[in-house]
1. Since S441 meets every condition but one in (1) at pLDDT 75 or above; (2) more than 15 Å from R491 (Cα to Cα); (3) not in a loop (DSSP other than H, G, I, E, B), which condition does it not meet?
2. Going by what's in this entry, would N124 be described as loosely packed, with under 14 Cβ neighbours inside 10 Å and outside any strand (DSSP E or B)?
3. Any residue in the stretch 284-297 that is farther than 24 Å from M538 by Cα and either part of a strand (DSSP E or B) or of a type outside the set (V, I, T) (or both)?
4. Select from the stretch 448-471 the residues that are crowded, with 16+ Cβ neighbours inside 10 Å, modelled with pLDDT of 85 or more and under 36 Å from the mean Cα position of the chain (by Cα) and list them in ascending order.
5. Can you confirm whether S95 is of a type in the set (S, T, N, Q) and over 30 Å from G295 (Cβ atoms)?
6. Are any residues in the stretch 572-583 in a strand (DSSP E or B) and either among the acidic types (D, E) or within 23 Å of the chain's Cα centre (by Cα) (or both), and if so, which ones?
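The values are calculated or read from the model by the stated rules, or taken from the named source; none is laboratory data. In this text, all values refer to a predicted model and were calculated from it rather than measured experimentally. Reconstructed Cβ throughout: ideal geometry from the backbone, glycine too, with neighbour counts over all protein chains shown.
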Amino acid sequence: MENNELLPFERNRYFSGKMLTSADFLAEQTYNNNKRRFMNQMLYGSGILCGLGVFSLDDQSLLIESGAAIDGLGREIVLKESVVKKLSTIPGFESLTTNTATLCLKYKEENVHAVYTINRQEGNSEYEFNRIEEGYELFIVDKDAIIPALDLESEFFVASNLVEHNGLTVDVKMPATVSAGKYVKIAFVIENHTGTIQNIDYTAVLQMPGFEVMEGGHELFVSFSNVTVESDKKVEMEYWVKAQQEIVDETSVVLKVGTALALVNGVAIESANAMNLQVKISDCIPRELALWETGKVSLEIKTMSDSNEAIVLGDIKLVRTDSAYIIEEIEERSVKKYLPTLGNEKKFEEYKGYFKTEAVGRTDHGESLPENYATTAIQDIQKMPRFESGTIEIPLNGGARKGEIYYSGEIMHGLGKGNVYVDIGFEKLEEDIYNGNSMKSTVYGNPDLFTNSKDEQVCVDTAVKVLNDKGSFVIAAKFLRDVDYLMLTFRWVAIKFNGGEEVENIEDYKNKSISAETPTVVLGTKESYFFNVKFRNMDKCAIAYELTEPGSGEITPDGIYTAPSKEGVYEIRIYCINMPMVCTYAYAIVKKKDSDSEVI
């Protein structure tokens with residue numbers, strides 16, 4: 001008889017003089033089998049370990065390749081050699097009622113090797129089977145008859161239905177808990193169970209006070225058009241937003257009233273006009289958060305979610321008549337589940353390495369980097385400080401008098417909680433003494449020390465109060481003379497030195513990089529060029545550009561470089577604003593063209 005119950009674990013207790021019966025030996029086998037199957041269930045789950053490909057040999061026959069799998073009870077299923085089956089001979093074929101069937105594999109035990117029994121009890125059989133052979137069974141059912149595993153998404157995600165129309169649905173989902181200051185994906189999942197190809201357009205605006213969109217602000221404009229979804233297929237549209245730095249137990253993501261519009265095959269249909277997703281913002285980094293959320297699921301729920309004894313090998317589309325059938329198509333990729341194993345890890349990593357989006361592991365001169373380059377770089381990243389900067393304006397209500405003190409509002413510096421150093425400088429426009437143009441300058445410290453300036457400096461005493469537990473700071477300014485300014489502008493710089501508990505998990509940066517789409521360009525003097533950026537193993541984020549030495553030309557915040565009038569090779573540093581250690585360099589080779597050297 002098959003063993004479908006793994007718990008509780010109970011093993012033999014041996015003692016001197018114990019009489020052993022067949023029940024004791026059976027208990028010994030059961031204990032060891034159940035322990036192994038329990039570990040399979042917890043460590044691997046259910047799915048295919050290797051092989052078990054399904055191919056059509058002709059219009060009516062299948063080839064199932066050799067392979068191995070683990071079912072929902074942790075039992076190993078092994079096909080030691082490939083088998084050929086006529087579809088109509090597989091159990092369940094006669095019961096099919098639709099043209100789409102699912103081929104499944106199931107664990108099966110069989111008693112074998114009959115032997116003569118000695119000391120046979122009265123009424124017992126003269127022969128007993130001496131072995132139990134662990135095997136398999138193939139069967140086929142209508143696709144709709146497959147019972148799905150218990151959905152655990154409600155444990156990890158919050159979701160809401162936006163469109164439901166004759167078997168076509170659009171749902172929005174995102175993690176129920178997110179990491180403060182990190183980007184998070186909002187997915188719009190389109191599923192088509194109408195039986196025909198569908199085309200959908202959808203627009204809406206999501207209001208999310210706890211998140212910031214790429215373009216800035218707290219409203220996400222959602223728009224996808226002309227999305228084609230085949231029957232029984234699923235398409236996912238992704239949007240990325242950044243969670244705020246503040247930790248909150250609950251923040252809402254709502255659908256802005258009157259903004260939702262859905263078209264199916266060009267015809268307007270009814271869609272949801274209300275939605276409210278409740279999300280928690282945590283101080284855990286993404287790796288810790290993922291481990292916590294997936295690990296906290298109870299044993300009862302985990303075993304219930306993956307207790308299906310059937311291993312799905314593929315869907316088979318048929319063309320059927322009253323007396324015949326033809327195999328039209330076999331679909332494996334979207335229905336069967338392969339399990340990651342340590343034995344496949346090396347080959348998996350090697351194979352995955354052929355699909356990187358850009359050349360890595362080499363210098364600009366084509367020389368291979370040392371093997372420990374990535375590890376060393378990560379260690380260097382850990383030691384590097386993180387910084388943010390910005391400006392703040394303090395209104396003066398028509399001027400200020402000597403001795404008056406003005407305060408800024410609370411300013412979030414974006415570096416999180418902990419010890420952060422903040423410095424501020426007075427920023428103003430003044431006349432350039434060399435060419436008479438206006439220029440912006442920032443003075444850190446006492447402005448009176450710059451006596452060569454033609455403009456009168458505003459002399460103030462300043463102080464900064466850093467709120468370590470809130471990730472913010474407040475500026476105070478005391479005037480040392482009367483002024484008639486309407487606004488006082490300060491440039492602030494916040495620096496956080498990594499160390500101890502404040503070092504983020506290196507997984508946040510491992511394998512992440514950016515590169516200039518064209519790292520080296522040749523320009524004429526005063527010519528302009530836009531340095532576009534490619535992202536590797538990371539989502540798109542805000543980028544900053546800076547010149548590494550004076551006289552290198554000019555570059556705008558959005559990456560448009562203008563060459564200087566002097567020939568030379570000039571370096572541009574490009575880095576992620578939120579992760580300054582993720583950076584790259586581009587080079588502009590500036591040469592004078594013939595037109596530049598003409599004398600007019």
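1. For S441, the failing item is (2).
2. Details: loosely packed, with under 14 Cβ neighbours inside 10 Å: yes; outside any strand (DSSP E or B): yes.
When the stated conditions are applied, N124 passes them.
3. Kept after step one, since they are farther than 24 Å from M538 by Cα, are these residues of the stretch 284-297: 295-297.
Going one step further and asking which of them are either part of a strand (DSSP E or B) or of a type outside the set (V, I, T) (or both), we end up with 295-296.
Yes, because at least one residue in the stretch 284-297 is farther than 24 Å from M538 by Cα and either part of a strand (DSSP E or B) or of a type outside the set (V, I, T) (or both).
4. Listed by number, the list holds a single entry, V466.
5. Numbers: of a type in the set (S, T, N, Q): yes; over 30 Å from G295 (Cβ atoms): yes.
Yes: the conditions hold for S95.
6. Initial filter on the stretch 572-583 (in a strand (DSSP E or B)): 572-576, 583.
Matches in the stretch 572-583: Y575, C576, C583.
One line per residue, one yes/no per condition, for (1) at pLDDT below 90; (2) closer than 27 Å to C284 by Cβ:
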{"residue": "S160", "(1), (2)": "no, yes"}
{"residue": "T169", "(1), (2)": "no, no"}
{"residue": "K173", "(1), (2)": "no, yes"}
{"residue": "K182", "(1), (2)": "yes, yes"}
{"residue": "E191", "(1), (2)": "no, no"}
{"residue": "I200", "(1), (2)": "no, no"}
{"residue": "P209", "(1), (2)": "yes, yes"}
{"residue": "V235", "(1), (2)": "no, no"}
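Per-residue answers, yes or no, for (1) part of a strand (DSSP E or B); (2) not hydrophobic (A, V, I, L, M, F, W, C):
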site	(1), (2)
A27	no, no
Y31	no, yes
M39	no, no
F55	yes, no
A68	yes, no
G74	no, yes
I77	yes, no
T102	yes, yes
V112	yes, no
